[in-house]
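First the structure, in the form of structure tokens, and then the observations on it.
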Amino acid sequence: MATEKTGADLILTNGYLITMDPNRRIIENGAVAIIGGKIAAVGKNGDILARYDGTQYDCHGGVVHPGLVDAHEHVAWHLVRGIVPDTFTVEDVWEKYENPIVHGITPQDEEYSILLATLEMAVNGTTIFGDTGGSRYTDGMFKGANIVGVKGYTSHGISDDYTPELKIMEYSFDRCIELFRDELTRYKRTGSTPVGAHVGLAGMEHTSGDLMVAAKELSREFNVQMQVHCSVYESEIQYFRKRYNKTPIEFYDDLGVLDEHTTLVHVIHTTDHDLQILEKRRPSVVHCPGASLRYGLGAMRVGRFKEMRERGVNVALGSDSGNWSDGLDIFQQMYQVCVGHRECKNEYPYFTREDAFEMATINGAKALGVENECGSMEPGKAADLVIHSTDRPEMMTQGERLMQMVYSSMSRSVDSVLVDGAFIVRNGKPTRVNLEELAPVIRAKQADMLKRMNYKMTRSWPVE
């Protein structure tokens, strides 16, 4: 007597599955059964099709892997990405680029910025992101965020001790807490609103110890991560030593805010004692290789991310938005983390493709506090999946598939993307937004924002 099959909403067939499960299984000729937006089963084609019946989607031998995690971004300003010249120092960026943005930005600017950002993430295979913060208004931002289907967390860009360039985003301690509590209450991440609020803080020289402690309490109350910039610049280290006679990590440890539900971003300049603290407290660390390479921040030269991983610290990857690395593409970050450290440290290998892919999937999910939801292809987890095409020249040969993706095709071979079992990108096109109709709107919004910023773009060579 034939065994009755279980009905599935969708079955991905004929895939090369990189599961990222605890055993890091890779399954050739594999299939994934999806029920109610979750993964019901993962295995060989024959086994899955013998047990499940439903609509099939043929992956034609393409790689299928968990959706990528961009663990650190600033998406509120994405309308004006790609205009910071190579000649700008970090101080120039703050004064000549970010200062005009925060003084002129509108709620609608933020709405269209994050719409554009989530589109870019989706077509590049990112299914969830973490944004430390940059928004002034949030309402428009959350409106634009919940269109494309990408999941994520974002936050106000406020703090209580900003530098003069960003002073307009500075509020009193009480007002900061009021605004954080409001967004955490009104914008909870759900199935229908995939992008919600978490606690994002500027950190560095911009956030008082009192606000850090109170914000941490809010993150515990609302059960979300607290994400903070930390140990980014040498000048930041000097500031903390002069003011507190401590490194930033020592300062945060003494405040009692470091634990597995805290995520520190960049963490480039560290001492031996800092590493001991990280090993003991186990906050996640987000490495942003592209931002450091663009501005020479030192992550490849002096960053100690390999030592962190060896000590059991969870290290994820972040693009640090379009204005710091000029791309929301985690495959680009994977490539850079693999090759950048080798060049600067004269050590081969420093990070392997497997290391980078862990950082971009399961480690990233942990850095956002969602490792039980996504980051690997396992029964019970959300069906947040990326399907690659084998029709790209880089993927036509029978090479080692992970090698081909990280070093060759990267996001160019991303064909389709599912979130909660639904296609948000199919055959290279977003399913919920018409790119042809949106493109002129985005260009007009950008032109208007640049005009209000009074920003003159530099050109590489004369344009007639």
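The values are calculated or read from the model by the stated rules, or taken from the named source; none is laboratory data. Owing to the predicted nature of the structure, the values given are computational and were not obtained by experimental measurement. Neighbour counts run over all protein chains shown; Cβ positions are idealised from the backbone, glycine included.
A few remarks follow.
- Among the residues making up the stretch 285-323, those that are under 18 Å from residue 227 (Cα atoms) and either of a type in the set (Gly, Ala, Ser) or without any contact (Cβ under 8 Å) to a residue 12 or more places away in the chain (or both) are 291, 316, 318, 319, 321.
- Going through (1) closer than 17 Å to residue 332 by Cβ; (2) assigned by TED's automatic domain parsing to the domain that holds residue 318 one by one, residue 362 falls short only on (1).
- Listed by first and then second residue, the pairs linking a residue in the stretch 160-184 that is within 18 Å of residue 141 (Cα to Cα) to a residue that is outside any helix (DSSP H, G or I) and aromatic (Phe, Trp, Tyr), with Cβ atoms under 6 Å apart and 6 or more places separating them unless they lie on different chains, are 169/162.
- The stretch 106-120 residues that are more than 17 Å from residue 193 (Cα to Cα), paired with ones that are of a type in the set (D, E, K, R) and crowded, with 24+ Cβ neighbours inside 10 Å (beta carbon under 8 Å, 6 or more apart): 120/329
- The residues of the stretch 125-146 that are crowded, with 24+ Cβ neighbours inside 10 Å, of a type outside the set (Gly, Ala, Ser) and not in a helix (DSSP H, G or I), listed by number, are 126, 127, 128, 129, 131, 132, 138.
- Residue match in the stretch 311-329 (condition: surrounded by fewer than 23 Cβ atoms within 10 Å (Cβ to Cβ), in a helix (DSSP H, G or I) and modelled with pLDDT of 95 or more): no
- Any hit, the stretch 242-251, residues being surrounded by fewer than 21 Cβ atoms within 10 Å (Cβ to Cβ), touching a residue at least 40 places away in the same chain (Cβ under 8 Å), assigned by TED's automatic domain parsing to the domain that holds residue 158 and closer than 29 Å to residue 294 by Cβ: yes
- Looking at the stretch 1-108, the strands (runs of 3 or more DSSP E) lying wholly inside it that each contain 1 or more residues that are farther than 25 Å from residue 136 by Cβ and of a type in the set (Asp, Glu) sit at 6-18, 26-35, 52-58.
- Checked against (1) farther than 14 Å from residue 152 by Cα; (2) of a type outside the set (S, T, N, Q); (3) assigned to a helix (DSSP H, G or I), residue 184 meets all criteria but (1).
- If the condition is being in contact with a Gly (Cβ under 6 Å, 6 or more places away or on another chain) and among the aromatic types (Phe, Trp, Tyr), then the stretch 421-438 contributes no residue at all.
- Residue match in the stretch 76-99 (condition: buried (at least 22 other Cβ atoms within 10 Å of the Cβ) and touching a strand residue (DSSP E or B) at 6+ places or on another chain (Cβ under 6 Å)): yes
- Per-region count, the stretch 205-233, residues modelled with pLDDT of 95 or more and in a helix (DSSP H, G or I): 14
- Restricting the stretch 326-340 to residues that are in contact with a Pro (Cβ under 8 Å, 6 or more places away or on another chain) and of a type outside the set (Val, Ile, Thr), the residue that is farthest from residue 354 (Cα to Cα): 340
- Residue list for the stretch 14-57, filter: crowded, with 17+ Cβ neighbours inside 10 Å, of a type in the set (Ser, Thr, Tyr) and more than 25 Å from residue 371 (Cα to Cα): 52, 57
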